[in-house]
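As structure tokens, the structure follows; a few thoughts come after it.
The values are calculated or read from the model by the stated rules, or taken from the named source; none is laboratory data. Here the structure is a predicted model, which means the values were calculated and not measured. Neighbour counts run over all protein chains shown; Cβ positions are idealised from the backbone, glycine included.
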Amino acid sequence: MFNLQKGRFNYFLPVRSLLGVLLIMLALTFSACASGSDRDRNHFLDYLPDSMQVGAAHLPDSITPIKAPFATVDFKRPDFPDTTVNIANNGADTSKSVTTIIQQAIDQLSATGGGTVLIPAGHWKTGRIELKSNINLHLSDQATLSFSGAVEDYQPAVFTRSEGIEVMSLGACIYANNADNIAITGKGKLIGPALNGSVRNQVMDSIVIEDFVSYKTPVKDRVYDGKNGGYIFLPMFISPINCTHVFIEGLSLENTAFWNIVPVYCDNVIIRGITVHSVGIPRGDGMDISSSKNVLVEYCTLSCGDDCFTLKAGRGEDGLRVNKPTENVVIRNCLAIKGHGGVTIGSETAAMIKNVFVQNCLFEQTNVGLRFKTRRPRGGGGDSLYYENIRMLTTGKAFQWDMLGSTVYVGDLAARLPARPVNALTPSFKHTYFKNIKIDSAEWFIKLNAIPESPLTQVQIENLQVYADNLLRAADVDSFSIKNALISTKDTAIHLLDCRNMRFDNTRFNTKARKLVMDVQGPASRNITFKNCQPERPNGWQTNTYDTSDRPSSEK
């Protein structure tokens, strides 16, 4: 028999259950709304690289197409004739220097159309090697090429560029000038000049190269060949100059005397799968792309005594005279283990560095992550610089802009004030974009010193997660935005001096004291805005925007 009471109970049970479900869904909806901004801040983490995806150990065979925010050339592996010359078959002996045998093989093979000069397994000794067109210098696995520490093994002097100044000096351990279609490949090892040789003892000892080499002296007369114990400029490790279609792959480099891989005035350069170790060597930069264009650097691992991946374009008056920019450069899937900077623009920037795309890179223990440096007398600067999917663990600053430098190098020009007249040597940084950045550790999130006559302009950082001790200190900025960010720091203060048009959008500040303090100074400071931020606004602010009316009366 149907029980009415029981039936009524059974009828309302699903209704109550439905109401419960609706309440739960409503609560989840509110929760989702509340945490939606957190999802906006964190969704990009899935795109970030780890150590199992970047660096020389993970070099793929093929070069994948590039999707950069500017037009790039179609980077392809070079082709060489099938002819191979094994130096061991030409009388090479590991007990003697093989410089002459290697050079003769290169010269003869290039003269007959090109091919491969093979360095077989073994420990070989050599002086400077000069590549010629259509030559692939290939080091077999277990092949080591050790370079002499004696100055005479790098003579006569050749045309080169040292620290952004053109000179006639030792050039590079592996050098080329006006060559086309050249390569250095293989899994072998290159070892730089011996520590106790004359190369390292006869080096130019002036701290400031401009004090040693006048830009008014004709280049042909700037000869520093080391004869009779005279000064030299240290040889770079690998430095093609005025070359086209350059390919460098697979090698390990150790014990450089100076910068490691330095293409100068080159077009269409591919550097991939390179390992560099120069920790403890002053000025031991990993790679310096100097006044070159259409460059791809990928899957490289660098541990350096100075900056790791660096872009340069000449120095001061001499750089302006040459006026060749560095442009259309892609650096991707690379690992910087140690060094002063992970990726650095400058400080030699005279002819401008523009159209740079850094993607999918990891910096493990560099002093600075992304570094931008120039000086008042250096000229040029950077424009249209793009960074995407970067992860860093730095011991110092995650982001650093420094346009002042040190009095040691530029004297009184290192002082911020007074503002100097704008001229051809006034540098600038503009149009710099960052997306999908995670800073796992840093002493400073941002340390920024531009110059009042040329403020840093048009910087955008989007999708950011930061764990650092200190927040942000900036001077002389116009148009700077941070969007979709989670910033966790011990420090509670943002320090701004003559900064304007700065915007923080959908940014959560997790500071140790659970508050945000703004220290805004300077008559140019205005239009500093917080939108959809946590906390909603800095301590003591009545609105979300700092403008001229908010300045202390002493600054009005």
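Structure values in brief
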read-out: Failed criterion for Ala68 (all others in (1) over 26 Å from Phe147 (Cα atoms); (2) more than 36 Å from the chain's Cα centre (by Cα) hold); value: (2)
read-out: Residue within region 458-467 that is among the acidic types (Asp, Glu), touching a strand residue (DSSP E or B) at 6+ places or on another chain (Cβ under 6 Å) and without any contact (Cβ under 8 Å) to a residue 40 or more places away in the chain present; value: yes
read-out: Only one of Leu362, Leu311 that is modelled with pLDDT of 95 or more, among the hydrophobic types (A, V, I, L, M, F, W, C) and within 25 Å of Val73 (Cβ to Cβ); value: Leu311
read-out: Contacts under 6 angstrom Cβ, first residue in region 505-528 being at pLDDT below 95, partner not in a loop (DSSP other than H, G, I, E, B), 6 or more apart; value: Thr511/Thr489
read-out: Strands (runs of 3 or more DSSP E) (entirely within region 447-556) containing at least 2 residues that are in the same structural domain as Gly382 (by TED's automatic domain parsing) and exposed (fewer than 15 other Cβ atoms within 10 Å of the Cβ); value: none
read-out: Any hit, region 402-419, residues being in contact (Cβ under 8 Å) with a residue 24 or more places away in the chain and among the polar types (S, T, N, Q); value: no
read-out: Positions within region 329-384 being of a type in the set (Ser, Thr, Tyr) and under 22 Å from Asn268 (Cα atoms), in sequence order; value: Thr344, Thr349, Ser384
read-out: Residues (of a type in the set (Val, Ile, Thr) and either free of Cβ contacts under 8 Å to residues at least 24 places away in the same chain or surrounded by fewer than 23 Cβ atoms within 10 Å (Cβ to Cβ) (or both)) located in region 157-177; value: Val158
read-out: Qualifying residue in region 304-318 (condition: touching a Ser or Thr at 6+ places or on another chain (Cβ under 7 Å), surrounded by fewer than 24 Cβ atoms within 10 Å (Cβ to Cβ) and outside the structural domain of Asn178 (by TED's automatic domain parsing)); value: yes
read-out: Total residues in region 88-130, condition assigned to a loop (DSSP other than H, G, I, E, B) and either assigned by TED's automatic domain parsing to the domain that holds Asn255 or more than 16 Å from Val246 (Cα to Cα) (or both); value: 13
read-out: Filter result (hydrophobic (A, V, I, L, M, F, W, C) and in contact with a Gly (Cβ under 8 Å, 6 or more places away or on another chain)) within region 326-342; value: Cys334, Leu335, Ala336
read-out: Set Thr395, Thr344, Thr349, Thr366: member being part of a loop (DSSP other than H, G, I, E, B), within 27 Å of Met52 (Cβ to Cβ) and β-branched (Val, Ile, Thr); value: Thr395
read-out: Flag for Asp180 being surrounded by 14 or more Cβ atoms within 10 Å (Cβ to Cβ), in contact with a His (Cβ under 9 Å, 6 or more places away or on another chain) and modelled with pLDDT of 95 or more; value: yes
